[in-house]
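The values are calculated or read from the model by the stated rules, or taken from the named source; none is laboratory data. Every value quoted in this text rests on a predicted model; they were computed, and no experiment measured them. Please note: Cβ atoms are built from the backbone with ideal geometry, for glycine as well, and neighbour counts cover all protein chains shown.
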Amino acid sequence: MIGRMTALVAFGTLLCSSAWAQDHRFEISGTAGYVLADGVSAASSVLGADGNLYNRVDPKDSFGWGIGIGYFFTETSELEFLYSNQPSTLTISGTASRDVGDFSIKGYHGVYSYHFGEPEGTVRPFISFGLGATSYPGVTFTGFDGQTRQTDGNTQFSGTLGLGVKIYPGNGKAGLRLQTRWTPTYIKSDSEGWWCDPYWGCYVVGDPQYSNQFELSGGISLRF
(Lines give C-alpha, C1' and ligand atoms only; values in the text may rest on other atoms or scores of the structure.)
Protein backbone atom coordinates (compact mmCIF):
# COMPACT_ATOMS: atom_id res chain seq x y z
CA MET A 1 0.00 0.00 0.00
CA ILE A 2 2.81 2.40 0.96
CA GLY A 3 4.66 1.59 -2.23
CA ARG A 4 1.54 2.27 -4.29
CA MET A 5 0.97 5.65 -2.59
CA THR A 6 4.61 6.60 -3.14
CA ALA A 7 4.29 5.76 -6.83
CA LEU A 8 1.12 7.86 -7.15
CA VAL A 9 2.78 10.86 -5.47
CA ALA A 10 5.84 10.52 -7.69
CA PHE A 11 3.63 10.24 -10.78
CA GLY A 12 1.63 13.34 -9.76
CA THR A 13 4.81 15.29 -9.15
CA LEU A 14 6.12 14.26 -12.57
CA LEU A 15 2.92 15.42 -14.25
CA CYS A 16 3.09 18.82 -12.51
CA SER A 17 6.72 19.21 -13.42
CA SER A 18 5.99 18.33 -17.04
CA ALA A 19 3.09 20.77 -17.17
CA TRP A 20 5.21 23.55 -15.70
CA ALA A 21 8.04 22.75 -18.13
CA GLN A 22 5.63 23.58 -20.95
CA ASP A 23 4.85 27.02 -19.46
CA HIS A 24 6.44 30.21 -20.71
CA ARG A 25 9.94 30.41 -19.23
CA PHE A 26 11.58 33.11 -21.37
CA GLU A 27 10.50 36.72 -21.73
CA ILE A 28 11.62 39.65 -23.88
CA SER A 29 10.38 43.17 -23.12
CA GLY A 30 10.73 46.57 -24.74
CA THR A 31 9.66 49.70 -22.86
CA ALA A 32 9.65 53.46 -23.39
CA GLY A 33 8.58 56.38 -21.22
CA TYR A 34 9.68 59.46 -19.33
CA VAL A 35 12.62 59.69 -16.94
CA LEU A 36 12.97 62.25 -14.14
CA ALA A 37 16.68 62.70 -13.46
CA ASP A 38 18.92 64.68 -11.15
CA GLY A 39 22.66 65.05 -10.62
CA VAL A 40 24.97 66.23 -7.85
CA SER A 41 26.18 69.46 -6.29
CA ALA A 42 29.75 70.64 -5.74
CA ALA A 43 31.27 71.37 -2.33
CA SER A 44 32.10 74.89 -3.54
CA SER A 45 31.07 77.10 -6.47
CA VAL A 46 33.21 77.53 -9.58
CA LEU A 47 33.49 80.89 -11.33
CA GLY A 48 32.69 80.48 -15.01
CA ALA A 49 34.13 82.49 -17.89
CA ASP A 50 30.74 84.20 -18.20
CA GLY A 51 31.06 85.64 -14.67
CA ASN A 52 28.48 83.31 -13.08
CA LEU A 53 29.02 80.88 -10.21
CA TYR A 54 28.19 77.21 -10.87
CA ASN A 55 27.77 74.49 -8.23
CA ARG A 56 25.51 71.80 -9.76
CA VAL A 57 25.64 69.32 -12.62
CA ASP A 58 22.40 67.64 -13.73
CA PRO A 59 20.97 65.65 -16.63
CA LYS A 60 17.67 66.99 -17.93
CA ASP A 61 14.42 65.05 -17.58
CA SER A 62 13.74 63.34 -20.88
CA PHE A 63 12.42 60.38 -22.86
CA GLY A 64 13.99 57.00 -22.11
CA TRP A 65 13.75 53.43 -23.35
CA GLY A 66 14.89 49.97 -22.35
CA ILE A 67 15.15 46.28 -23.31
CA GLY A 68 14.86 43.32 -20.96
CA ILE A 69 15.62 39.61 -21.42
CA GLY A 70 14.42 37.33 -18.63
CA TYR A 71 14.14 33.71 -17.55
CA PHE A 72 11.63 32.29 -15.04
CA PHE A 73 13.45 29.73 -12.90
CA THR A 74 10.29 29.20 -10.79
CA GLU A 75 6.64 30.06 -11.39
CA THR A 76 7.06 33.39 -9.56
CA SER A 77 10.77 34.25 -9.75
CA GLU A 78 12.53 35.70 -12.78
CA LEU A 79 16.12 36.69 -13.47
CA GLU A 80 16.42 39.44 -16.06
CA PHE A 81 19.08 41.54 -17.74
CA LEU A 82 17.95 45.14 -18.29
CA TYR A 83 19.54 47.65 -20.63
CA SER A 84 18.29 51.23 -20.38
CA ASN A 85 19.07 54.36 -22.36
CA GLN A 86 18.11 57.95 -21.53
CA PRO A 87 19.07 60.50 -24.23
CA SER A 88 19.48 63.70 -22.24
CA THR A 89 21.32 67.02 -21.98
CA LEU A 90 23.97 67.82 -19.37
CA THR A 91 23.36 71.15 -17.63
CA ILE A 92 25.29 73.22 -15.10
CA SER A 93 23.58 75.64 -12.75
CA GLY A 94 24.19 78.12 -9.97
CA THR A 95 23.62 81.84 -10.37
CA ALA A 96 22.73 80.91 -13.96
CA SER A 97 21.85 77.76 -15.88
CA ARG A 98 23.57 76.57 -19.06
CA ASP A 99 23.27 73.51 -21.29
CA VAL A 100 26.67 71.90 -21.82
CA GLY A 101 25.83 69.25 -24.42
CA ASP A 102 23.82 66.16 -25.30
CA PHE A 103 24.63 62.67 -24.01
CA SER A 104 22.92 59.36 -23.25
CA ILE A 105 22.85 57.77 -19.81
CA LYS A 106 23.08 53.99 -20.14
CA GLY A 107 22.22 51.39 -17.52
CA TYR A 108 23.22 47.72 -17.29
CA HIS A 109 21.54 45.75 -14.50
CA GLY A 110 20.95 42.18 -13.47
CA VAL A 111 17.48 42.08 -11.89
CA TYR A 112 15.48 39.65 -9.77
CA SER A 113 11.69 39.98 -10.06
CA TYR A 114 8.97 38.37 -7.95
CA HIS A 115 5.57 37.96 -9.62
CA PHE A 116 2.21 37.65 -7.92
CA GLY A 117 -0.77 35.68 -9.15
CA GLU A 118 -1.05 32.55 -11.27
CA PRO A 119 1.74 31.78 -13.80
CA GLU A 120 -0.75 31.83 -16.68
CA GLY A 121 -2.91 34.60 -15.22
CA THR A 122 -3.98 37.58 -17.30
CA VAL A 123 -2.66 40.12 -14.79
CA ARG A 124 0.64 39.65 -12.92
CA PRO A 125 1.89 42.42 -10.61
CA PHE A 126 5.62 42.29 -9.85
CA ILE A 127 8.35 43.86 -7.75
CA SER A 128 12.02 43.84 -8.67
CA PHE A 129 15.46 44.84 -7.48
CA GLY A 130 18.82 44.64 -9.14
CA LEU A 131 22.46 45.64 -9.20
CA GLY A 132 24.71 46.82 -12.00
CA ALA A 133 26.26 49.95 -13.42
CA THR A 134 25.24 53.28 -14.93
CA SER A 135 27.43 54.88 -17.59
CA TYR A 136 27.73 58.62 -18.23
CA PRO A 137 29.65 59.24 -21.49
CA GLY A 138 31.83 62.25 -22.12
CA VAL A 139 30.15 65.40 -23.45
CA THR A 140 31.61 67.44 -26.31
CA PHE A 141 30.93 71.18 -26.05
CA THR A 142 32.19 74.59 -27.20
CA GLY A 143 33.58 76.89 -24.51
CA PHE A 144 33.10 80.66 -24.23
CA ASP A 145 36.45 81.08 -26.00
CA GLY A 146 35.19 79.13 -29.03
CA GLN A 147 37.38 76.11 -28.32
CA THR A 148 35.92 72.59 -28.51
CA ARG A 149 36.33 70.55 -25.34
CA GLN A 150 35.12 67.25 -23.93
CA THR A 151 34.27 66.11 -20.42
CA ASP A 152 35.45 62.74 -19.12
CA GLY A 153 33.05 59.83 -19.12
CA ASN A 154 32.22 57.98 -15.92
CA THR A 155 30.75 54.56 -15.09
CA GLN A 156 29.58 53.89 -11.54
CA PHE A 157 27.94 51.17 -9.49
CA SER A 158 24.16 51.49 -9.21
CA GLY A 159 21.11 49.69 -7.94
CA THR A 160 17.57 49.66 -9.27
CA LEU A 161 14.14 49.06 -7.69
CA GLY A 162 10.98 48.49 -9.70
CA LEU A 163 7.24 48.02 -9.34
CA GLY A 164 4.82 47.20 -12.11
CA VAL A 165 2.29 44.91 -13.75
CA LYS A 166 2.24 42.63 -16.80
CA ILE A 167 -1.05 42.13 -18.62
CA TYR A 168 -1.55 39.24 -21.04
CA PRO A 169 -5.01 39.40 -22.71
CA GLY A 170 -6.39 35.93 -23.23
CA ASN A 171 -3.29 34.39 -21.63
CA GLY A 172 -1.45 34.95 -24.91
CA LYS A 173 2.24 35.31 -25.62
CA ALA A 174 2.13 39.07 -26.22
CA GLY A 175 1.23 41.43 -23.40
CA LEU A 176 1.53 44.91 -21.94
CA ARG A 177 4.18 45.86 -19.36
CA LEU A 178 3.68 48.94 -17.17
CA GLN A 179 6.29 49.89 -14.60
CA THR A 180 8.00 52.51 -12.49
CA ARG A 181 11.67 52.21 -11.63
CA TRP A 182 14.13 54.09 -9.42
CA THR A 183 17.85 53.88 -10.17
CA PRO A 184 20.24 55.63 -7.75
CA THR A 185 23.88 55.84 -8.89
CA TYR A 186 26.73 56.64 -6.53
CA ILE A 187 28.80 59.55 -7.90
CA LYS A 188 31.04 60.90 -5.14
CA SER A 189 31.43 61.72 -1.44
CA ASP A 190 32.10 65.16 0.03
CA SER A 191 33.94 65.61 3.29
CA GLU A 192 31.46 66.46 6.03
CA GLY A 193 33.92 66.86 8.90
CA TRP A 194 35.69 64.79 11.53
CA TRP A 195 34.25 62.12 13.80
CA CYS A 196 36.21 61.05 16.88
CA ASP A 197 35.75 57.86 18.87
CA PRO A 198 37.66 56.90 22.07
CA TYR A 199 38.42 53.46 20.64
CA TRP A 200 38.75 53.94 16.86
CA GLY A 201 40.24 57.43 16.92
CA CYS A 202 39.38 60.28 14.54
CA TYR A 203 38.51 60.00 10.86
CA VAL A 204 36.88 62.06 8.11
CA VAL A 205 33.15 61.52 7.59
CA GLY A 206 31.94 61.59 3.98
CA ASP A 207 28.58 62.71 2.63
CA PRO A 208 27.75 60.41 -0.35
CA GLN A 209 25.93 61.90 -3.34
CA TYR A 210 23.82 59.98 -5.82
CA SER A 211 22.43 60.76 -9.23
CA ASN A 212 18.84 59.49 -9.43
CA GLN A 213 16.62 58.37 -12.28
CA PHE A 214 12.87 57.87 -11.79
CA GLU A 215 11.36 56.05 -14.77
CA LEU A 216 7.68 55.83 -15.71
CA SER A 217 7.31 53.56 -18.72
CA GLY A 218 5.22 51.06 -20.62
CA GLY A 219 5.75 48.66 -23.47
CA ILE A 220 5.36 45.20 -24.94
CA SER A 221 6.34 41.91 -23.33
CA LEU A 222 6.70 38.64 -25.27
CA ARG A 223 6.91 35.28 -23.54
CA PHE A 224 7.71 31.87 -24.94
Quick check: anything in the range 160-173 charged (D, E, K, R), touching an Asp or Glu at 6+ places or on another chain (Cβ under 9 Å) and in contact (Cβ under 8 Å) with a residue 40 or more places away in the chain?
yes
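Condition test on G64, is it in contact (Cβ under 8 Å) with a residue 60 or more places away in the chain, touching a strand residue (DSSP E or B) at 6+ places or on another chain (Cβ under 6 Å) and under 22 Å from Q213 (Cα atoms)? Spell out the reasoning first.
Values: in contact (Cβ under 8 Å) with a residue 60 or more places away in the chain: yes; touching a strand residue (DSSP E or B) at 6+ places or on another chain (Cβ under 6 Å): yes; under 22 Å from Q213 (Cα atoms): yes.
In short, yes.
Working only within the range 88-97, note down all residues that are more than 15 Å from G138 (Cα to Cα) and in contact (Cβ under 8 Å) with a residue 24 or more places away in the chain.
As a first pass, look at the range 88-97 and keep what is more than 15 Å from G138 (Cα to Cα): 93-97.
Matches in the range 88-97: S93, G94, T95, A96.
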Are there strands (runs of 3 or more DSSP E) fully within the range 24-119 with at least 2 residues that are over 23 Å from Q156 (Cα atoms), touching a His at 6+ places or on another chain (Cβ under 9 Å) and at pLDDT below 90? List them.
none
Filter the range 98-132 down to residues that are under 24 Å from the mean Cα position of the chain (by Cα) and in contact (Cβ under 8 Å) with a residue 60 or more places away in the chain and give me whichever is farthest from F63 (Cα to Cα).
H109
Taking the range 74-87, which residues are touching a residue at least 40 places away in the same chain (Cβ under 8 Å) and more than 18 Å from E215 (Cα to Cα)?
E75, T76, E78
Can you tell me which residue is modelled with the lowest pLDDT among those in the range 128-149 that are β-branched (V, I, T) and loosely packed, with under 14 Cβ neighbours inside 10 Å?
T142
Take the residues in the range 135-175 that are among the polar types (S, T, N, Q) and under 23 Å from G30 (Cβ atoms), then tell me which one is nearest to the chain's Cα centre (by Cα).
T160
When the residues of the range 150-197 are narrowed to those that are loosely packed, with under 14 Cβ neighbours inside 10 Å and not in a strand (DSSP E or B), which ends up modelled with the lowest pLDDT?
N171
In the range 120-149, what residues are touching a His at 6+ places or on another chain (Cβ under 9 Å) and in a strand (DSSP E or B)?
R124, P125, F126, I127, G130, L131, G132, A133, T134
